[in-house]
Amino acid sequence: MKLDETIAIVTGGASGLGGATARNFAAGGAKVAIFDLNREKGEALAAELGENARFFEVNVTDESSVQKGIAGTLDAFGQITANVNCAGIAIGIKTLGKDGAHSLETFKKVIDINLVGSFNVLRLAAAEMAKNEPNNEGERGVIINTASVAAYEGQKGQAAYSASKGGIVGMTLPISRDLAYNGIRVCSIAPGLFFTPLFEGLGEEVVESLSAQVTFPKRLGRPEEYGALARTIVQSPYMNGETVRLDGAIRLP
């Protein structure tokens, strides 16, 4: 799919991996709908990117909120051809800790935002993509979800996060099979340790310690590297049904 013919919804698009993806796509001529709950950052990024970007305040876990965002995207740009789902949260709580058993509500919240929220957006976006005229490869759209290396090597305190990201990995192939008839590709990216807002408050010493765990290069990933891979997937019609690790060969202990 040509990037300058792409109209993409990016969830969590106001900052971090989503923000970098929105910037990368817009720089390549794509039109971008930024879905996020942070209105201040979302509107600022849309203003930065200019006429080819719009911000929509969207709660990915709420069906009507996503439907409104999609309707706004269609009003602004006419169609939807790509969806990159970056909205998510991370917590660190042991299954059994000093304060007792892991909060069930907290576990459900992580699953709801990271896994259910991704599915909620992609299913509604896919319904609109299916209405598009296919390109010369037969494509009508492409969906990219965000997993994590924690899906494979979750650490202590990551039961909820790993479960949510494992769900992303697990649904990638079946959804790609579901949507093949409609000419819609589905892939996922599994980032390693990336310097996103989640890491910014940890301090230099902690960042250096985490960077040392990476095989090569010895640093945290840069959000723009995620955006570049998402762009590659959009532009590569034979990439489908796969989860791609983007992690500097790290294997979490």
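Considering the conditions (1) part of a helix (DSSP H, G or I); (2) at pLDDT below 95, Q213 is excluded by exactly one of them, (1).
Kindly establish whether E208 is at pLDDT below 95 and of a type outside the set (A, V, I, L, M). Yes: the conditions hold for E208.
If you go through the stretch 129-169 and keep only what is within 14 Å of T6 (Cβ to Cβ) and either charged (D, E, K, R) or touching a His at 6+ places or on another chain (Cβ under 7 Å) (or both), you end up with E137, E139, R140. Could you please let me know if A190 is under 17 Å from L252 (Cβ atoms), among the hydrophobic types (A, V, I, L, M, F, W, C) and touching a Gly at 6+ places or on another chain (Cβ under 9 Å)? Spelling it out, it is not the case that A190 is under 17 Å from L252 (Cβ atoms), among the hydrophobic types (A, V, I, L, M, F, W, C) and touching a Gly at 6+ places or on another chain (Cβ under 9 Å). Consider the stretch 156-179 and keep the residues that are in contact with a helix residue (DSSP H, G or I) (Cβ under 8 Å, 6 or more places away or on another chain) and among the polar types (S, T, N, Q). The one that is modelled with the lowest pLDDT is Q158.
Take the stretch 11-45 and flag every residue that is in a loop (DSSP other than H, G, I, E, B) and surrounded by fewer than 24 Cβ atoms within 10 Å (Cβ to Cβ). Within the stretch 11-45, S15, G28, G29, L37, N38 qualify. Here N182 fits the description: among the polar types (S, T, N, Q), out of contact with any helix residue (DSSP H, G or I) (no Cβ under 6 Å at 6 or more places or on another chain) and within 30 Å of I9 (Cβ to Cβ). Pairing each residue of the stretch 166-188 that is basic (K, R) with any residue that is in a helix (DSSP H, G or I), provided the two are 6+ apart or on different chains, yields C-beta distances under 7 Å for R185/S176. Filtered by the rule that a residue be more than 15 Å from the chain's Cα centre (by Cα) and either under 17 Å from D247 (Cα atoms) or not in a helix (DSSP H, G or I) (or both), the stretch 165-180 gives no residues. Considering F199, F195, the condition of being more than 30 Å from E133 (Cβ to Cβ), under 21 Å from the mean Cα position of the chain (by Cα) and without any contact (Cβ under 8 Å) to a residue 24 or more places away in the chain is satisfied by F199 alone. Scanning the stretch 90-111 for residues that are closer than 21 Å to T243 by Cα, among the hydrophobic types (A, V, I, L, M, F, W, C) and at pLDDT below 95 turns up at least one hit.
If the condition is being closer than 30 Å to E137 by Cβ and among the aliphatic types (A, V, I, L, M), then the stretch 194-253 contributes A228, L229, A230, I233, V234, M239, V244, L246. With respect to I189, determine if the residue is over 15 Å from the mean Cα position of the chain (by Cα) and either buried (at least 22 other Cβ atoms within 10 Å of the Cβ) or among the aliphatic types (A, V, I, L, M) (or both). Against the criterion (over 15 Å from the mean Cα position of the chain (by Cα) and either buried (at least 22 other Cβ atoms within 10 Å of the Cβ) or among the aliphatic types (A, V, I, L, M) (or both)), I189 does not qualify.
C187 passes every criterion in (1) at pLDDT 95 or above; (2) part of a helix (DSSP H, G or I) apart from (2).
The values are calculated or read from the model by the stated rules, or taken from the named source; none is laboratory data. None of these values were measured; they are calculated from a predicted model. Cβ coordinates were reconstructed from backbone atoms using ideal geometry, including for glycine residues, and neighbour counts include every protein chain displayed.
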